[in-house]
Amino acid sequence: MTAMMEPLVDTLIEDPRWGSFGLEDLALGAVAAVLAELGLPADRYEISLLGCSDRRISDLNADFRGKPQPTNVLSWPSDDLG
């Protein structure tokens, strides 16, 4: 039997309020569960997660989507990063 690999979840916490939630562990567990449920190999996926303030996510949302308001998710497929 082969060992299950954990997915790569790179977490950056800019706003210390996220520290008390255990965001890194929650994200890793959620990503691993979704990939396992879908039967996808964990070593083929990378996720970057930013724990930031509403103001910071509003700025990012305005820059990338033209919507100057907070949002809970901004995502890009890896092939769009070129």
In deg cm²/dmol, rounded to the nearest 500, the helical mean residue ellipticity at 222 nm of the chain, built from -39500 (n - 2.57) for every DSSP H run of length 4 or more, is -11000 deg cm²/dmol
Using Cα atoms only, what is the angle between the long axis of helix 23-38 and the major principal axis of the chain, expressed in degrees (0 to 90) to the nearest 10?
50 degrees
All alpha-carbon distances of the range 2-42, grouped into 5 Å bins from 0, give the whole-percent distribution 5, 22, 27, 18, 13, 9, 5, 0
I'm spelling it out carefully: the read-out is Cα Rg over 2.2 N^0.38 Å, the candidates are [x] 1.06; [y] 1.30; [z] 1.25, and one was derived from this structure. Which label?
[z]
Find out how many positive minus negative residues lie around Leu35, taking Lys and Arg as positive, Asp and Glu as negative, among other residues whose Cβ is under 14 Å from that of Leu35.
-3
Hey, can you grab everything whose amide H is under 5 Å from the amide H of Leu49? Only 5+ residues off in sequence or another chain; H modelled, so Pro and N-termini drop out.
Asp10, Thr11, Leu12
Excluding ligands, DNA and RNA, what is the solvent-accessible area per residue of the chain at a probe of 1.4 Å, expressed in Å²?
82 Å²
Where does helix 54-65 land angle-wise versus the long Cα axis of the chain, in degrees 0 to 90, nearest 10?
90 degrees
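The values are calculated or read from the model by the stated rules, or taken from the named source; none is laboratory data. Quick caveat, the model's predicted, so the values are computed rather than measured. Positions of Cβ are backbone-derived with ideal geometry, glycine not excepted, and every protein chain shown enters the neighbour counts. When the accessible area is computed, the model is the full protein with side chains, heavy atoms only, and any ligands, DNA or RNA have been set aside. Shrake-Rupley method; radii C 1.70, N 1.55, O 1.52, S 1.80 Å.
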